[in-house]
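A short write-up of the structure that comes next.
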Amino acid sequence: METLKNVELVKKANVYFDGNVTSRSFIDSDGSKKSLGIMMPGTYNFGTAEAELMEIIDGNVQVKLAGSDTWNTYTANTSFDVPANSNFDIKVETITDYCCSYIK
């Protein structure tokens with residue numbers, strides 16, 4: 001099990017889509033901003049300000065990035081990149097645990 005040490009945690013949860021997607025934001029020991037969260041099954045659209053690396057810790061999702069017609073499948077221990085100032089559609093097929101890293 002991967003652990004994170006010496007992080008600055010924001011206590012207030014980020015709650016989206018009527019509670020079907022939740023996360024907690026934190027600053028990693030290297031100063032980078034990240035969030036850890038859970039997504040319940042459903043289809044969602046997220047917008048981005050910064051570029052993001054989405055790591056799927058556990059679960060099964062399909063993702064379609066802005067400007068693409070292709071859905072790609074991601075499962076445990078896989079990841080995908082989302083450009084800054086963009087959006088993506090995600091179909092969450094099973095309860096999914098994820099980590100999002102914001103890239104400047």
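The values are calculated or read from the model by the stated rules, or taken from the named source; none is laboratory data. As the structure is a prediction and not an experimental result, all values here were calculated from the model. Cβ placement follows ideal geometry from the backbone for every residue including glycine, while neighbour counts extend to all protein chains displayed.
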Handout entry: Matching residues, the stretch 64-81, being out of contact with any Asp or Glu (no Cβ under 7 Å at 6 or more places or on another chain) and among the hydrophobic types (A, V, I, L, M, F, W, C)
Key = 65, 66, 71, 80
Handout entry: Index of the failed condition, residue 98 passing every other in (1) under 10 Å from the mean Cα position of the chain (by Cα); (2) surrounded by fewer than 15 Cβ atoms within 10 Å (Cβ to Cβ); (3) among the aromatic types (Phe, Trp, Tyr)
Key = (2)
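One line per residue, one yes/no per condition, for (1) more than 17 Å from residue 16 (Cα to Cα); (2) of a type in the set (A, V, I, L, M); (3) out of contact with any helix residue (DSSP H, G or I) (no Cβ under 9 Å at 6 or more places or on another chain); (4) modelled with pLDDT of 95 or more:
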site	(1), (2), (3), (4)
42	no, no, no, yes
52	yes, no, yes, yes
55	yes, no, yes, yes
65	yes, yes, yes, yes
70	yes, no, yes, yes
80	yes, no, yes, yes
83	yes, no, yes, yes
101	yes, no, yes, yes
104	yes, no, yes, no
Fill in the blank from the handout: Of those in the stretch 28-40 that are of a type in the set (Ser, Thr, Tyr) and over 14 Å from the mean Cα position of the chain (by Cα), the residue modelled with the highest pLDDT is 32
Exercise for the section: Can you tell me which residue among 36, 53 is under 22 Å from residue 92 (Cβ atoms), touching a Lys or Arg at 6+ places or on another chain (Cβ under 6 Å) and of a type in the set (A, V, I, L, M, F, W, C)? Expected result: 36
Handout entry: Those residues of the stretch 82-93 which are surrounded by 13 or more Cβ atoms within 10 Å (Cβ to Cβ) and not hydrophobic (A, V, I, L, M, F, W, C), in sequence order
Key = 83, 86, 87, 89, 91, 93
Exercise for the section: Please enumerate the residues belonging to the stretch 35-64 that are free of Cβ contacts under 8 Å to residues at least 40 places away in the same chain and on the phi < 0 side of the Ramachandran plot. Expected result: 49, 58, 60, 61, 62, 63, 64
